């Protein structure tokens, strides 16, 4: 499970570095669809992973309601640090155009949307 959590953070970090997104668009769907977490638990864990500087107040509420796994959030945060760096480094290469990033982002969102709509 730790490897899966690190990968969720890594992918979200890459997407964050490339597209400026991560929590709601990557981590939450990944935790729900791939790791089998409930939507609220995934949301709380995503917020905790992003706690500095954002999410602290929302994470406190999710924690109080029992919808946050601090350990999981910390593993995801480790992946986010590395993934965000890798995504930013990739997105800023001269061969990566803004148009390519726009298309990749659209494909990613479409894929996630279809998975949510058509998944179990």
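The values are calculated or read from the model by the stated rules, or taken from the named source; none is laboratory data. Small disclaimer: the values here were computed from a predicted structure and weren't measured. Neighbour counts run over all protein chains shown; Cβ positions are idealised from the backbone, glycine included.
Observations on the structure shown:
- Members of the stretch 1-20 found to be without any contact (Cβ under 8 Å) to a residue 24 or more places away in the chain and more than 14 Å from residue 75 (Cα to Cα), listed by number: 20
- In the stretch 107-120, the residues that are surrounded by fewer than 11 Cβ atoms within 10 Å (Cβ to Cβ) and either part of a helix (DSSP H, G or I) or on the phi > 0 side of the Ramachandran plot (or both): 107, 110, 114, 117, 118
- Checking residue 40 against (1) in a helix (DSSP H, G or I); (2) over 27 Å from residue 114 (Cβ atoms); (3) within 15 Å of the chain's Cα centre (by Cα); (4) modelled with pLDDT under 90, the condition it does not meet: (2)
- Candidates 38, 55 - the one that is on the phi > 0 side of the Ramachandran plot and out of contact with any strand residue (DSSP E or B) (no Cβ under 6 Å at 6 or more places or on another chain): 55
- Test result for residue 24, without any contact (Cβ under 8 Å) to a residue 24 or more places away in the chain and either within 11 Å of the chain's Cα centre (by Cα) or closer than 30 Å to residue 97 by Cβ (or both): yes
- Checked against (1) under 23 Å from residue 39 (Cα atoms); (2) under 16 Å from the mean Cα position of the chain (by Cα); (3) modelled with pLDDT of 90 or more, residue 66 meets all criteria but (2).
- The stretch 78-106 - residue that is free of Cβ contacts under 8 Å to residues at least 24 places away in the same chain and in a helix (DSSP H, G or I) and, of those, nearest to residue 8 (Cα to Cα): 106
- Residue tally, condition in contact with a helix residue (DSSP H, G or I) (Cβ under 6 Å, 6 or more places away or on another chain), within 15 Å of residue 12 (Cα to Cα) and in a helix (DSSP H, G or I), over the stretch 43-77: 11
- Being surrounded by fewer than 16 Cβ atoms within 10 Å (Cβ to Cβ) and modelled with pLDDT under 85 is not true of residue 71.
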